[in-house]
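The values are calculated or read from the model by the stated rules, or taken from the named source; none is laboratory data. Please read all numbers here as calculations on a predicted model, not as lab measurements. Virtual Cβ from ideal backbone geometry, glycine too; neighbours counted across all protein chains shown. Keep in mind that these areas ignore ligands, DNA and RNA; they rest on the heavy atoms of the full protein, side chains included. Shrake-Rupley method; radii C 1.70, N 1.55, O 1.52, S 1.80 Å.
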Amino acid sequence: MSTAVSTPPTRLQCPICGSERFGDFRSRVNVRCSGCGSFERSRLLWLVLSQLELEATGRPFFHVAPEIGIAKLLHARLGERYRAFDFSPDIYAKAKIPVGRLDLCSDLSGMATGSVGGFCHVHVLEHVRCNAALVLQQINRVLAPGGYHVFGVPFWSRQYREDLSSELTDADRLSRFGHEDHVRSFGDQDFTVMFGGAFEGMEAIPLSRLIEVEAAARCNIPPRALTLNNSHSLFVYRKPIP
Ligand SMILES: [Zn+2]
């Protein structure tokens, strides 16, 4: 009888809450942190934010649709310069963080150029009922030199699709965009064609420069999350200092 040699399992740990326990979500095995409920993209977000000099500009850092665990860590790190926002801030009533209202379609144009030190939004743009490229462009405009724009979107189709009509049914949106609340689907093949122009003059920072595959693996983040374009991944841009 042969003796099985077993390799000790790699110790996995959530970088947000420190939990070492993970559970399944729908059909996806072992993807959700049992401590804070985070998924791959949120754990990756915290790894990325941990690597960036968010304090450098001295300006406020905007976190839209804040992940609660990350919001608490950012608030502890940035103090009063941390600002959390959502289109529907009431949904955060039970979270012990103040969340203001921000409509990405109408509020950005009134904000001063260079007034924000950082801007973060993950899986938000698929819900926004206006021109998503213009939203990205406006965020880049309001950033201060040296400020970071960190964001992620789900990729549901090869080519970009959008329909803002209120006449679509939940079933229509689920079928076309992957979720009942989404008004668009980002295409993994044409993202740069559709949105690259919004980042003119910005410095793209590859995830590979910030995060090692092994460090991601220890946080139960798959290697594909470090590869654009997929739904676990994040884009990181920095506004150059003239
Ligand atoms: Zn966690």
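For the stretch 8-15, check the following and say yes or no: at least one residue is part of a helix (DSSP H, G or I) and modelled with pLDDT of 95 or more.
No: zero hits.
Can you find a residue in the stretch 143-165 that is of a type outside the set (Ser, Thr, Tyr) and assigned to a helix (DSSP H, G or I)?
No, the stretch 143-165 contains no residue that is of a type outside the set (Ser, Thr, Tyr) and assigned to a helix (DSSP H, G or I).
Mind checking which residues of the stretch 76-97 are within 23 Å of Thr57 (Cα to Cα) and hydroxyl-bearing (Ser, Thr, Tyr)?
The one that is within 23 Å of Thr57 (Cα to Cα) and hydroxyl-bearing (Ser, Thr, Tyr): Tyr82.
Taking the conditions exactly as written (surrounded by 17 or more Cβ atoms within 10 Å (Cβ to Cβ), among the hydroxyl-bearing types (Ser, Thr, Tyr) and within 23 Å of Phe155 (Cβ to Cβ)), does Ser38 satisfy them or not? Even if it seems obvious, please write down each step before you answer.
On the way: surrounded by 17 or more Cβ atoms within 10 Å (Cβ to Cβ): yes; among the hydroxyl-bearing types (Ser, Thr, Tyr): yes; within 23 Å of Phe155 (Cβ to Cβ): yes.
Answer is yes for this residue.
Is at least one residue of the stretch 108-126 loosely packed, with under 15 Cβ neighbours inside 10 Å, out of contact with any helix residue (DSSP H, G or I) (no Cβ under 6 Å at 6 or more places or on another chain) and of a type in the set (Asp, Glu)?
No, the stretch 108-126 contains no residue that is loosely packed, with under 15 Cβ neighbours inside 10 Å, out of contact with any helix residue (DSSP H, G or I) (no Cβ under 6 Å at 6 or more places or on another chain) and of a type in the set (Asp, Glu).
Could you please tell me which pairs satisfy a Cβ distance under 6 Å, a separation of 6+ or placement on different chains, a first residue in the stretch 162-191 that is farther than 9 Å from Glu126 by Cα, and a second residue that is aromatic (Phe, Trp, Tyr)?
If the second residue must be aromatic (Phe, Trp, Tyr), the pairs left are Gly178/Trp156; Gly187/Tyr160; Asp188/Phe155; Asp190/Tyr160.
Is it the case that some residue within the stretch 209-219 is farther than 25 Å from Glu126 by Cα and in contact with a strand residue (DSSP E or B) (Cβ under 8 Å, 6 or more places away or on another chain)? Spell out the reasoning first.
From the stretch 209-219, those farther than 25 Å from Glu126 by Cα are 209-219; that's our starting set.
Those still in the list that are in contact with a strand residue (DSSP E or B) (Cβ under 8 Å, 6 or more places away or on another chain) too: 210.
Scanning the stretch 209-219 turns up at least one residue that is farther than 25 Å from Glu126 by Cα and in contact with a strand residue (DSSP E or B) (Cβ under 8 Å, 6 or more places away or on another chain).
Does the stretch 16-39 hold any residues that are in a loop (DSSP other than H, G, I, E, B) and at negative phi, and which are they?
Those that are in a loop (DSSP other than H, G, I, E, B) and at negative phi: Ile16, Cys17, Ser19, Glu20, Arg21, Ser27, Ser34, Gly35, Cys36, Ser38, Phe39.
Here are some residues: Phe235, Phe151, Phe195. Which one is aromatic (Phe, Trp, Tyr), over 30 Å from Cys14 (Cα atoms), modelled with pLDDT of 95 or more and buried (at least 18 other Cβ atoms within 10 Å of the Cβ)?
Phe195
Which number in (1) open to solvent by 60 Å² or more (accessible area, probe 1.4 Å); (2) more than 16 Å from the ligand (Cβ to nearest atom); (3) on the phi < 0 side of the Ramachandran plot; (4) over 19 Å from the mean Cα position of the chain (by Cα) marks the one condition that Gln51 misses?
(4)
Looking at (1) at pLDDT below 95; (2) open to solvent by 60 Å² or more (accessible area, probe 1.4 Å); (3) in contact with a helix residue (DSSP H, G or I) (Cβ under 7 Å, 6 or more places away or on another chain), which is the only condition Asp24 fails?
So the condition that Asp24 fails would be (3).
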